[in-house]
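Visitor: Sharing a structure below in structure tokens format, with a few things to ask.
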Amino acid sequence: MPCFGLPLGARASPPMRVRPYRRSDLPKLHQIDQTCFPPGISYSRDELGRFIHMKNARTWVAEEQGEIAGFVVADLQPHGVAHIITVDVVEGRRRIGIGGALMEAAESWARRERCRLLYLETAEDNLAAQEFYEARDYTKVEHIPDYYSPGQAAWVMVKWLGSAPEGWSRRAR
Ligand SMILES: CC(C)(COP(=O)(O)OP(=O)(O)OC[C@H]1O[C@@H](n2cnc3c(N)ncnc32)[C@H](O)[C@@H]1OP(=O)(O)O)[C@@H](O)C(=O)NCCC(=O)NCCS
């Protein structure tokens, strides 16, 4: 198809797209995870593969300019709860909406699966992630000391899909 308005030979940048995971993505996703998180928080290839291939899990991959630029892994838990296992965006591709588009895919899926609540854990010192999640209406509800390793605490953050139940407090414990 011709690209009208562009010099001959030039190609428009394909738009970012979010698509379901394919098995052949695993090595690249593992490589991205290694660069996104420090040792102790990043997953080994086996761990990441185990999470992605769990029966109740789904993974979406973002491609930008034809390259994998990020991914999100989520799983369904009992009682209408979904869990964001990880969301990773390649460093040079951040702040252009890729993380948001990936979360949108996971949250839409959770809604279709009739979940009422999403939750996740994030490192206490990962302020960027906390701001990212807060911008998407996640709230800190529990601080877990030594969650990742001794001295590496996590925040549990939650988002209600629809209205929060009566008596729900936004105050962190
Ligand atoms: C957290 C992460 C997934 C965000 O991805 P992203 O593609 O940059 O996010 P988006 O561009 O969709 O950002 C949406 C909004 O979140 C907030 N946000 C995102 N990154 C932020 C940062 N570093 N500091 C402050 N706010 C931030 C902003 O409100 C942003 O909107 P804006 O750019 O219009 O201001 C990405 O930084 C990342 O992969 N980090 C390393 C891995 C990680 O920490 N994952 C999450 C923990 S499990």
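The values are calculated or read from the model by the stated rules, or taken from the named source; none is laboratory data. Given the structure is predicted, the values throughout are model-derived calculations rather than measurements. Because the Cβ atoms are built from the backbone with ideal geometry, glycine has one as well, and the counts that use them run over all protein chains shown. Quick note on the areas: whole protein, heavy atoms, side chains included, nothing else; ligands and nucleic acids left out. Shrake-Rupley method; radii C 1.70, N 1.55, O 1.52, S 1.80 Å.
Visitor: Please list, by residue number, everything in the stretch 110-138 whose backbone N is under 17 Å from a paramagnetic label point 7 Å out along Cα→Cβ of Ser163.
Guide: Taking a point 7 Å out along Cα→Cβ of Ser163, the residues of the stretch 110-138 whose backbone N falls under 17 Å are 116-117.
Visitor: Let me ask another. So what does Lys28 come to for accessible area, using a 1.4 Å probe and Å² rounded to 10?
Guide: Rounded to the nearest 10, that gives 70 Å².
Visitor: Further question: For the stretch 13-84, just say rounded, prolate or oblate: build the C-alpha gyration tensor, square-root its eigenvalues into a ≥ b ≥ c, call rounded for a/c under 1.5, and beyond that prolate if a/b exceeds b/c, oblate if not.
Guide: oblate
Visitor: Same structure again: Would you mind computing, in nm to one decimal, how far apart the modelled labels at Ser24 and Ala57 are, each placed 7 Å from Cα along Cα→Cβ?
Guide: Label at Ser24, label at Ala57, 2.1 nm between them.
Visitor: Using a 1.4 angstrom probe and counting only protein chains, how large is the accessible area of Met103 in Å², to 10?
Guide: Answer for Met103: close to 0 Å² accessible.
Visitor: Using the Karplus curve 6.51 cos²θ - 1.76 cosθ + 1.60 with θ = phi - 60°, what ³J(HN,Hα) values do you get for each residue of the stretch 27-35, in whole Hz, with x for Gly and Pro?
Guide: Going residue by residue, I get x, 5, 5, 5, 4, 5, 4, 4, 7 Hz, with x marking Gly and Pro.
Visitor: Could you tell me the accessible area of Ser24 in Å² (1.4 Å probe, neighbours in place), rounded to the nearest ten?
Guide: 90
Visitor: Please say if the stretch 95-150 is rounded, prolate or oblate, where rounded means a/c under 1.5 for a ≥ b ≥ c the square roots of the C-alpha gyration tensor eigenvalues, and otherwise the choice is prolate for a/b larger than b/c and oblate otherwise?
Guide: Oblate shape, in that a/c is at least 1.5 and b/c is the bigger or equal ratio.
Visitor: Moving to a separate point now. Please give, to one decimal in nm, the separation of the simple spin-label points placed at Glu91 and Glu113, each 7 Å out from Cα toward the Cβ.
Guide: Taking the two extended label points, one gets 3.2 nm.
Visitor: Also, quick follow-up: Collect residues whose amide H, placed 1.01 Å from N in the peptide plane, falls under 5 Å from the amide H of Thr86; neighbours closer than 5 in sequence don't count.
Guide: For Thr86, the qualifying residues are Val73.
Visitor: Rounded to the nearest 0.05, what FRET efficiency do Met16 and Gln152 have when you use their Cβ-Cβ distance and R0 = 41 Å?
Guide: 0.80
Visitor: Under 12 Å from the Cβ of Ile98, count the other residues' Cβ atoms, weight Lys and Arg +1, Asp and Glu -1, and hand me the total.
Guide: -2
Visitor: Heavy atoms only, probe 1.4 angstrom, no DNA, RNA or ligands counted: give me Glu121, Glu134 ranked by accessible area, highest first.
Guide: Order by accessible area, largest first: Glu134, Glu121.
Visitor: A further question on this structure: Which of the three applies to the stretch 37-166, rounded, prolate or oblate, going by the alpha-carbon gyration tensor with a ≥ b ≥ c and a/c under 1.5 meaning rounded?
Guide: Rounded, since a/c falls under 1.5.
Visitor: Report the full-extension gain for the segment Glu142 to Gln65: residue separation times 0.36 nm, less the Cα-Cα distance, to one decimal in nm.
Guide: My answer for the length gained is 23.9 nm.
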